[in-house]
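Rule-based calculations on the coordinates, nothing more; no lab input. No experiment lies behind these values; they were computed from the predicted model shown. Every residue, glycine as well, gets a Cβ built from its backbone with ideal geometry; the counts of neighbours run over all protein chains shown.
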Amino acid sequence: MIPTKFFVTSGKATDPISSLNAFDAALVDAKISECNLVSVSSILPPEAEEVQRVPIHPGSVTFVVLARMDGDEGEEIAAGVAWTWEAKHRFGMVAEAHGYMSREAITEILEWKLSEMARLRGISITEKKIRAETLTVPMDNYGSVIAAVVFIPPAMKYG
């Protein structure tokens, strides 16, 4: 079960009913709401290729590295993922972060996390890529932001 393709997506939403509904709406915004998401840790296989978002068959068990933050009215929330490759492309790494913060803050935290992951492994890395969502939740609403690295199911035909 080694994925050979992945894409990165994100979404944000508000809902007056519940934070769970806001989260569901954020998944709709990210176009991954019809998948059965399974969170995994943060390593990209060496042969994995980043591609544009693709539709995934409804109900597919789909592995993701997911960052999620929910919030209440008036709160500024953020979630993001960052990814990079080991310099010789032996594998890649993904960092995720979430919290009550601005886009600038989440970006800085994601960069720090990737740098620390590389330091712990004693490796050099390539360019850091980042995808983040932020939202100030409006009055009388719940909010949710997500960012995800989505592994395309290996059995799925791509293209």
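A single member of Ile2, Ile32 is touching a residue at least 60 places away in the same chain (Cβ under 8 Å), within 19 Å of Val94 (Cβ to Cβ), surrounded by fewer than 17 Cβ atoms within 10 Å (Cβ to Cβ) and among the β-branched types (Val, Ile, Thr), and it is Ile2.
The single condition among (1) in contact (Cβ under 8 Å) with a residue 60 or more places away in the chain; (2) part of a helix (DSSP H, G or I); (3) exposed (fewer than 14 other Cβ atoms within 10 Å of the Cβ) that Met117 does not satisfy is (3).
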